[in-house]
Amino acid sequence: MKRLSGKTALRLLRYVSRHRALLAVVFVCISISAVAGVAGSSFIETLIDDHITPLLAAGSSDFSGLARAVFYMALIYAAGIAATLFYNRAMVTITQGVLKKIRDDMFAHMQTLPVRYFDTNAFGDVMSRYTNDTDTLRQMISQSIPQAFTSVITILAVTCAMLIINLPLTGVVMACVFLMLFAVRQVGGRSARHFMAQQKFLGEVNGFIEEMINGQKVVKVFCHEEQTKAAFDAKNDALARQSASANRFASILMPIMANIGNLQYVLIAVIGGAMATAGIGGVTLGAIGAFLSLARSFAQPIGQISMQINAVIMALAGAERIFQLLDEEGESDEGAVTLTAAGERESGLKSRARPAEGWSWRRERGDGSAEYTEVLGRVEFQNVTFGYVEGKTVLQGITLYAKPGQKIAFVGATGAGKTTIANLISRFYEITDGTILFDGVNIAEIRKSALRRALGIVLQDTHLFTDTVRENIRYGRLDATDEEVTAAARLAGAHDFILRLPEGYDTVIDGDGGSLSQGQRQLLSIARAAVLNPPVMILDEATSSIDTRTEAIVQKGMDSLMDGRTVFVIAHRLSTVQNAKAIMVMEQGRVIERGDHESLLAEKGKYYQLYTGSFAESD
Amino acid sequence: MEVIIPFLMADLIDIGIDGGQVAYIWKMGGILAACALMALICGVLSGSFSAFASSGFARNLRREMYYNIQTFSFAALDKFTTASLITRLTSDVTNVQMAFQMILRMAVRSPLMLILAFVMAFRVHAGLSLIFMGAIPLLALGVYLILGHVHPIFMRVFATYDRLNKTVQENVRGIRVVKSFVREEHEKDKFNRISQRIFADFTQAEKRMAFTMPLMQICMYACMLLIAWIGARLIVQGEMSTGQLMSMFTYAMQILFSLMMLSMVFVMVVISRASAERIAEVLRAESDLANGPDPVFSVPDGSIDFRGVDFSYAGPAGTLCLTNIEVSIASGETVGILGGTGSGKTSLVQLIPRLYDATAGTIEVGGIDVRAYDLKTLRDEVAVVLQKNELFAGTVSENLRWGSENATEEEIALACRRAQADGFIRAMPSGYDTLLEQGGANLSGGQKQRLCIARALLKKPKILILDDSTSAVDTRTDASLRCALREELPEMTKLIIAQRVASVRDADKIIVLDGGRVQAVGTHAELLQTCRIYQEVYHSQQKGGDFDEAFER
């Protein structure tokens, strides 16, 4: 495991220093509060020397001077208390501000990451960075930073005072400081390793829980509770071991430091005493007394710092993982071609002759002017080759052509590469070889956001968000009116069942909960794509869980939904495929047959086999 | 030990240095050094033990929670969301762990120091130390008020944490949807609103907590000023010495210091109290689907009887998803279930392995009420392939072994052949040892479904329920799968929920559901004659056509 680097600390401090102004005020307040504390200790001397002793000597009972002193002291204390209150509250704002900023930054950056990142990282581990890792920063910022500041000031002041009183004895103190630093290095370094491991294992446990609880119903159906408990125990124990080691090193640091401090005290007393008796270096007993109290006030801040080291190391371990996510390379998006509305944007599902009307691709020329290409929805694949993993191609030399408004269907055995085609058009993955053209523009040159805005995608995995039905449909186009949402729901055939829900369109659905059947979820995701009203639609098994009777009802809407758009359909059902302009039969990443329904049947090839269900074994 | 050291030090200065007694310095120095060494050893040991104890405590909490979650019914799982359970298992446990460790380290030491300082102060001057006695209850009251005030805010903060976690989870899982609709900005806004709420609530809570420290200072400084004022008078009246006053101040400082330590503990305790309550909620939630008093441990056969079953997800008060279901299925039969989207097909079959309990009526498997069975026995004999199925990170065969821990390779291969999965598995780079990404991201929808069926077959159940489990499987494969089930596993009762008539037409019995009621039961031929809905479904697929319809045309 790699060691904690100073870079992480610096980067973290940069976040904190965003609140520079407030931080400066905090430091001032801390100083005031410290001064009040010091004034408190010297007040005792003043009290005795200036008031009590004279009073005793005079034998009088005039307490007015004393009352004044007490009053002034009360004022100083009040100022100190006010300062303490203020800086504590300010630190809260700073701390929470930093945490918020870090979370927001992480989330914003996460949105730019390529789909591949999410394929390869445990979901729960990513989530852990927002909660567990960010939480580690809380104590550090809110307590360690002000504490460190106070301590540094105190230590500096005390060191100066010690140097003035006695040089050799200061040497003793310095030796002890050196010893302390050595201990911090040794113990702290070790605990850092374990803290990093702890955060890593915490992420793993988080990942495991996320996966298992999400699949808890499967666990139950298979009576697999005992096995997951065992697997959980293993991860949980590993976490507990790391956590124990990390905290052990961190918590033994405090007694070590405190007692080195005690030893130093004894050493000074003994050496100082010996020096005084032997008369070396002009040490007086009074000086030793003063020095000893200084040594005590020297040890205290060091003890406090050592208590914070725990928090600091843990925070750095958490920060390391946060920055790891932030440093993850985002999706490359060098595309210069954007999407613009040439005419005024007329929304409404049926108000336009063509879904794509009024949109064009805009390409900047060098001289500041721009070249416009009308968005028609023409999609071409030229010799496209692709593999998710290097060396293992999933698609091999795919060439196809979809004219604007055409419906292209993909059929073929599962795993033939149909979904992959959908993934490539939307540039979730980068193709290995070949080109894909959209209205003649290479999609590699189109800004991803523009490309995806031009595509309406209904995925095999219906994913809805925890929100109302209405908002889930509106997700397709955020400025859609309620009427447009309803219209889209009608088109998708979802309107009727939505009205039957307890609160109609305002029913809150749970992102992955069981409140809707799978078919109903599919209808909602179709409505979501419909409200976007894109020139090109990709339907990947979009109606697989919808029963055919409902589908027959939906069909009319679907037909008008597809009308005028370029549509890519991946389906098994003939009803969805039959009227396609071109049907691509895929097998093992290649298009092996193409043509319309009739011509493919006449060919009596694979399509014919699939269609008639005759089992002439071929694979 | 650490409590004594400061007092010894005070002695050393007072008597040794101020008195100039070198011998005394040596003696006390030796004692002090020994004390420090002892304290060092004890401190290191106690540090180690407290770390060990607190992380062990956290581990036990997590384990107990996780174990309890395993007993949750589906209904309870729907109630707690995944995201919330995750926060409770990690963040909340961490909070409690920190507080626990802090308490171990401080809770003994600080009060001890406090009491000792008190005793010392009392010995110096009983009357004067009564000032402390007045201050402490005041302090306690203040702290109590602050904490009571802050606690509800912290409860709210952690509820918002759940939402934060949920938003992240939905985004991570649904990143394709976010990206395909170019909703990154929208999601950022959504997230920022939640993080802003956490910021606001946390700031509010902690700002109130920030009053504890000044409160302590007020009390202590007031005490010190009072001591100074009264002490001075006492000295002048000759009832007290200057040295005694000095000691009084030292003890006052000592008390202040321990109170500060205690206040830190309080902060942790308050935060962790909210967390502890959330943990307790999970620990306390009892499965409402517990075994009966005298559970049955074997399922005689695969017959299923529904007797007057009503069901609602929301309990007796909710709207019924299923009404008065009356169905008998003999062992070994193949039964098709057909019905519109949302007609209650999934709800119906989930009652058989007791994933939910019926609201009214009884369900019998093998002639015995399902509630009389041991849950594990029942679920081992009733295999459900869920509509929304999950595969887990691990190899293909690890996933398959969920069905049967000790299955031989031949058994696994056989199950896969029957589920039509053997072919594509062998075509994968490492065959059965190929690593699956989480959720089976590197498989197509149809491949996932077939793996899930194979996994269920490995259980060798008496009843197999396929809940629309072949929707993404192409028609030809679907047909071979059904053929394999029919030919090779005739003993097993098979319930097939499907959209395609072809998937169920050769079943012994087809149940047509509509609006949560059984509309008709019969064979394909019978239903074509009598059932209007069935006719409609059939004709919609005839007219629109489907690969399957062509099958026997």
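Computed from the coordinates by the stated procedures, all read-outs in this text should not be read as laboratory data. What you see is a predicted model, and the numbers here were worked out from it, not measured in a lab. Cβ placement follows ideal geometry from the backbone for every residue including glycine, while neighbour counts extend to all protein chains displayed.
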- Which FRET efficiency value, to the nearest 0.05, do you get for B:A107 and B:C42 by plugging their Cβ-Cβ distance into 1/(1 + (r/R0)^6) with R0 = 22 Å? 0.85
- Task: Treat the count of other C-beta atoms within 10 Å as a stand-in for reagent exposure and order B:K190, B:K448 from fewest to most.
- Result: B:K190, B:K448
- Query: Roughly what angle does helix B:184-209 make with the longest principal axis of chain B, taking Cα atoms, 0 to 90 degrees, to the nearest 10?
  - Reply: 30
- Message: Give the average, rounded to an integer, of partner chain Cβ atoms located within 10 angstrom of each Cβ in A:263-271.
- Response: 6
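Summing +1 for each Lys or Arg and -1 for each Asp or Glu, what net charge is found among the other residues whose Cβ lies under 14 Å from the Cβ of A:E371?
-2
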- Task: Scan around A:K407 for amide H atoms under 5 Å from its own, H built in the peptide plane at 1.01 Å from N, and keep only partners 5 or more places away or cross-chain.
- Result: A:V567, A:K581, A:A582
- Task: Please report how far the C-alpha centroid of segment B:350-374 lies from that of segment B:453-510, rounded to the nearest whole angstrom.
- Result: 22
- Query: Once the other residues with Cβ under 14 Å from the Cβ of A:I436 are scored (Lys, Arg +1; Asp, Glu -1), what is the net sum?
  - Reply: -1
- By the C-alpha gyration tensor axes a ≥ b ≥ c (rounded if a/c is under 1.5, else prolate when a/b exceeds b/c, else oblate), the shape of segment B:108-153 is oblate
- Note on the structure: Contact order relative to length for chain A, counting C-alpha pairs under 8 Å separated by 6 or more residues, stands in percent at 13
- Helical mean residue ellipticity (222 nm; -39500 (n - 2.57) per DSSP H run of 4+; nearest 500) of chain B: -19500 deg cm²/dmol
- Note on the structure: Between the Cα axis of helix B:109-124 and the main Cα principal axis of chain B, the angle (0 to 90°, nearest 10) is 20
- Task: Using Cα positions and a limit of under 29 Å, work out the lysines in reach of A:K581, with same-chain residues fewer than 8 apart set aside.
- Result: A:K350, A:K403, A:K407, A:K418, A:K448, A:K556, A:K604, A:K606, B:K179, B:K543
- For segment B:4-284, taking Cα atoms only, what is the radius of gyration to one decimal and the Dmax to the nearest whole Å? 26.0, 87
- Note on the structure: Listed by chain and number, the lysines with an alpha carbon less than 29 angstrom from that of B:K462, same-chain partners under 8 positions apart left out, are A:K217, A:K220, A:K229, B:K345, B:K376, B:K388, B:K448, B:K494, B:K509
- Against the longest principal axis of chain B, how steep is helix B:93-102, in degrees 0 to 90 to the nearest 10, with axes from Cα atoms? 20
- Which helices of chain A meet both criteria: a Cα extent of 24 Å or more along the helical axis and a mean Kyte-Doolittle score no lower than 0.5, with helices taken as whole DSSP H segments? A:20-46, A:64-112, A:145-165, A:167-214, A:285-327
- Query: From the square roots a ≥ b ≥ c of the eigenvalues of the alpha-carbon gyration tensor of chain B, which class results: rounded (a/c under 1.5), prolate (a/b over b/c), or oblate?
  - Reply: prolate
- Note on the structure: Straight-line reach check, A:K7, cutoff 24 Å on alpha carbons, 8 or more apart in-chain or any other chain, hits among lysines -> A:K100, A:K101, A:K200
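What number comes out for the charge environment of A:K407, summing +1 per Lys or Arg and -1 per Asp or Glu over other residues with Cβ under 9 Å away?
That sum, taken over residues with Cβ under 9 Å, equals +2.
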- When B:Y144, A:Y130, A:Y505 are arranged by how many other beta-carbons sit within 10 Å of their Cβ, fewest first, they go B:Y144, A:Y505, A:Y130
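If you take each beta carbon of peptide A:447-454 and count the beta carbons of other chains within 10 angstrom, what is the mean? Could you put the intermediate results ahead of the total?
Numbers: counts 1, 3, 5, 1, 2, 6, 3, 1.
Counting Cβ atoms of other protein chains within 10 Å of each residue's Cβ and averaging gives 3.
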- Amide H neighbours of B:R183 under 5 Å, at least 5 residues apart or on other chains, H built in the peptide plane: list them. none
- Task: Considering only DSSP beta bridges where both residues belong to the protein assembly as shown, give the percentage that are antiparallel (nearest 5).
- Result: 55
- Item | Ranking of B:W229, B:W26 by count of other Cβ atoms within 10 Å, fewest first | B:W26, B:W229
- Kirkwood Rh for the protein assembly as shown from C-alpha pairs, in Å, is 34.3
- Task: Return the calculated 222 nm mean residue ellipticity for chain A, to the nearest 500 deg cm²/dmol, obtained by summing -39500 (n - 2.57) across DSSP H runs with n ≥ 4 and dividing by the residue count.
- Result: -20000 deg cm²/dmol
- Task: Using only Cα atoms, locate the centre of segment B:167-241 and the centre of segment B:127-155, then give the distance between them in Å, rounded to an integer.
- Result: 17
